[in-house]
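Q: Sending over a structure as structure tokens; questions will come in a sec.
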Amino acid sequence: MHRRHLIASAMAAAGLAAIPYGASAQAYPTKPITVIVPFAAGGPTDALARVLCQRMGEALGQQMIIDNIGGAGGTIGVAKAARAAPDGYTLLFTHMGTLAVNIALYKSLPYDSQKDLEPVGLGGTNPMVLVTKKDLPAKDFAEFMAWVKANQKKAQYGMAGIGAASHLGGLMLNSMMKVDVLEIPYKGTGPALNDLVSGQFDYMVDQAVNVLPQIQGGNIKALGVSTLKRLPQLPNVPTIDEAGLKGYEVTIWNGFFAPKNASKEIVAKLNQALLTTLADDKIRVRLTELAVELPSAAEASPDGLRDTLKASIDKWVPAVRAAGVKPE
Ligand code: MLT
């Protein structure tokens, strides 16, 4: 007898209705799906989630509603998603900071990213940009580094909490520049960017998807990109590696997850909607403008995302520990 029949017989014998979470997968989804974004609205995770979810919702025939639950570097929202019913109606869209990097930064986390979540698919990978307030007295990366070194007591960098992508970008930068600078935490780099534009703090390393419009509008300065190749959107901005910090390279992947024990059928339906979205020309053009690198179908598969998560844990946990950051 197949396992599913065995389970059904056992449930019938126990007087239980045999309607496991996966049983209604053919009809799924029959109502809107909530997608938890563990950062404030208006930031990079939110922006990418909104572009993808709108099209995925069309493919699924149901709306996907973003629920921004920011705070504690994304850990509050991720924990809520991990504890939700695995019925396909609560999902998580988050990045590698909250699932891999922060393992090295917290003494204990309220979830195990590999055990408590089912990967659904990779949404995209983002380069980062070192941005400063407009009137910071540095016109290039070398002047920026000299300014930070000379102003360590008063320099401030913004980030979205411990373990956020902007924290990783900033801590690797500061560690390689050998400076100790005050961190200003926000619930997301959406609100942080507003404060950078109005000159409330000095600099931030944030995902291009968030900062490009403000750079292009001349409201902040871009002094380096986090990839080893320059970005076509910012051809005159050097890589941080070429500008003086050899080996500096940080990119941020973002993906969809369901709570653990979500059925294979539900995960497959969601993944199919993601693949349809990633193959849509309008979406591809929009995300490419925002410097988002789109995954291949294999990278966007549940197993592809599982492998990417593991590879990020293997890479970043020792790297962050080596940078000497003490867990909180
Ligand atoms: C981060 O730094 O982790 C992100 O920018 C968070 C966000 O989406 O606001």
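Q: Using a 1.4 angstrom probe on the protein heavy atoms only, line up TYR157, TYR186 by accessible area, largest first.
A: In descending accessible area the options line up as TYR186, TYR157.
Q: Please list 300-306, 232-238 highest first by mean number of surrounding beta-carbon atoms within 10 Å per residue.
A: 300-306, 232-238
Q: Quick one: which residues, 5 or more positions from THR239 or on another chain, have an amide H under 5 Å from its amide H? H modelled 1.01 Å from N in the peptide plane, none for Pro or chain starts.
A: Excluding prolines and chain starts, which carry no amide H, the hits are VAL225.
Q: Output the relative contact order of the chain, whole-number percent, from Cα pairs under 8 angstrom with separation of 6+ residues.
A: That works out to 27 percent.
Q: By average Cβ neighbour count within 10 Å, what is the ranking of 97-104, 290-297 from highest down?
A: Ranking, from highest mean packing down: 97-104, 290-297.
Q: Heavy atoms of the protein only, probe of 1.4 Å, neighbouring chains included. What is the accessible area of LEU109 in Å², nearest 10?
A: Result for LEU109: roughly 50 Å² accessible.
Q: A further question follows. Roughly speaking, what is the stretch gain from ALA150 to LYS246, that is 0.36 nm per residue apart minus the C-alpha to C-alpha distance, in nm to one decimal?
A: Going from the current span to full extension adds 32.5 nm.
Q: Percent relative contact order of segment 88-191, based on C-alpha pairs within less than 8 angstrom and at least six residues apart?
A: Once normalised by length, the contact order is 28 percent.
Q: Expected output is a single nm value to one decimal: the length gained when fully extending between ALA298 and ASN261, i.e. 0.36 nm times separation in residues minus the C-alpha distance. What is it?
A: Roughly 11.1 nm would be gained on extension.
Q: Let me ask another. Stokes-Einstein at 25 °C, 0.890 mPa s, Kirkwood radius from Cα pairs: D for segment 18-134 in µm² s⁻¹?
A: Translational D for this selection: 159 µm²/s.
Q: Reachable aspartates and glutamates from LYS133, Cα under 16 Å, same-chain residues fewer than 8 places away excluded?
A: GLU143, GLU183, ASP195, ASP202, ASP206
Q: Could you tell me the calculated FRET efficiency between GLN200 and ASP112, based on Cβ-Cβ distance and R0 = 35 angstrom, to the nearest 0.05?
A: 0.45
Q: Once amide H atoms are built 1.01 Å from N in the peptide plane, which residues 5 or more positions from ILE66, or in another chain, come under 5 Å H to H?
A: Those qualifying (amide H under 5 Å, at least 5 residues apart or on another chain) are VAL35.
Q: Averaging sequence separations of C-alpha pairs under 8 Å and six or more residues apart, then dividing by the length of segment 18-111, give the relative contact order as a whole percent.
A: Contact order relative to length: 35 percent.
Q: Right, next: Given the pairs LYS107/LYS134; LYS149/LYS315; LYS187/LYS260, which are separated by over 30 angstrom at their Cα positions?
A: Going by Cα-Cα distance, LYS107/LYS134 fall outside the 30 Å limit.
Q: Can you list the lysines whose alpha carbon is less than 16 Å from that of LYS153, not counting same-chain residues fewer than 8 positions off?
A: LYS178
Q: Hey, another quick one. So, with a 1.4 angstrom probe, what is the percent of accessible area on the chain that is carbon and sulfur?
A: About 54 percent, which is the carbon plus sulfur part of the accessible surface.
Q: Would you report the distance distribution of C-alpha pairs in the chain as whole percents per 20 angstrom bin, up to the bin with the largest distance?
A: 33, 53, 12, 2
Q: Another one. State the extension gain, in nm to one decimal, for the chain segment bounded by GLN272 and GLN63, taking 0.36 nm per residue of separation less the distance between their alpha-carbons.
A: That pair, GLN272 and GLN63, stretches by 73.7 nm at full extension.
The values are calculated or read from the model by the stated rules, or taken from the named source; none is laboratory data. Source: prediction; values computed, not measured. Neighbour counts run over all protein chains shown; Cβ positions are idealised from the backbone, glycine included. To get the accessible areas, we keep the full protein, side chains included, count just its heavy atoms, and leave off ligands, DNA and RNA. Shrake-Rupley method; radii C 1.70, N 1.55, O 1.52, S 1.80 Å.
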